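Asker: Here you go, one structure.
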Amino acid sequence: MKEYTKVDQHLHLLCQVIGKANRTFVPEKTDESHTNLYFDSWGNKILGRWIQSGSGTILVALDLNTLQFEVLNSSRKQILTVS
């Protein structure tokens, strides 16, 4: 159980980055749903909400295989990776 708790806490901290991006760049909703995260089982990624930027629509994601943050374009192609 200790290992589960450790992994859970680590994942929680990593997801805070995505939540912060959502809170900062997605229009606020009273129910806080603008900070929701989603699991992409095909890509094995945790995804934030779509963000409108000057360059188009982007998505902040955490790749669970590499534990790298990614910024994806509207076609879900990587435009930036941060490790």
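Asker: Considering segment 1-54 alone, what residues qualify as being closer than 24 Å to Asn73 by Cβ and of a type in the set (Ser, Thr, Tyr)?
Answerer: Thr24, Ser33, Thr35, Tyr38, Ser41, Ser53, listed by residue number.
Asker: Same structure again: List every residue pair whose Cβ atoms sit under 9 Å apart, with the two residues 6 or more apart in sequence or on different chains, where the first one lies in segment 46-65 and is on the phi > 0 side of the Ramachandran plot and the second, anywhere, is of a type in the set (S, T, N, Q).
Answerer: Partner pairs satisfying both residue conditions: Gly56/Asn73; Gly56/Ser74.
Asker: Counting just the residues of segment 12-29 that are over 11 Å from the mean Cα position of the chain (by Cα) and among the aliphatic types (A, V, I, L, M), which one comes out farthest from Leu67 (Cα to Cα)?
Answerer: Applying the first criterion (over 11 Å from the mean Cα position of the chain (by Cα)) to segment 12-29 yields 12-13, 23-29.
Now drop any that are not among the aliphatic types (A, V, I, L, M), which leaves 13, 26.
On the way: Leu13: 12, Val26: 23 Å.
Among residues in segment 12-29 that are over 11 Å from the mean Cα position of the chain (by Cα) and among the aliphatic types (A, V, I, L, M), the one farthest from Leu67 (Cα to Cα) is Val26.
Asker: Something else about it: Would you say Ile79 is in contact (Cβ under 8 Å) with a residue 12 or more places away in the chain and surrounded by 15 or more Cβ atoms within 10 Å (Cβ to Cβ)? Please lay out each step first, then the result.
Answerer: Details: in contact (Cβ under 8 Å) with a residue 12 or more places away in the chain: yes; surrounded by 15 or more Cβ atoms within 10 Å (Cβ to Cβ): no.
No: the conditions fail for Ile79.
Asker: Looking at Val26, is it on the phi < 0 side of the Ramachandran plot, touching a residue at least 24 places away in the same chain (Cβ under 8 Å) and surrounded by 15 or more Cβ atoms within 10 Å (Cβ to Cβ)?
Answerer: Spelling it out, Val26 is indeed on the phi < 0 side of the Ramachandran plot, touching a residue at least 24 places away in the same chain (Cβ under 8 Å) and surrounded by 15 or more Cβ atoms within 10 Å (Cβ to Cβ).
Asker: In segment 44-67, what residues are surrounded by 15 or more Cβ atoms within 10 Å (Cβ to Cβ), touching a Leu at 6+ places or on another chain (Cβ under 9 Å) and not hydrophobic (A, V, I, L, M, F, W, C)?
Answerer: Lys45, Gly48, Arg49
Asker: I would also like to ask the following. For the list (1) among the acidic types (Asp, Glu); (2) more than 10 Å from the chain's Cα centre (by Cα); (3) modelled with pLDDT of 95 or more, I need the number of the one condition that Glu32 fails.
Answerer: Failing condition for Glu32: (3).
The values are calculated or read from the model by the stated rules, or taken from the named source; none is laboratory data. This structure is a prediction, so every number in the text was calculated from the model and none was measured. Neighbour counts are summed over all protein chains in view; Cβ atoms, including those assigned to glycine, are modelled from backbone coordinates with ideal geometry.
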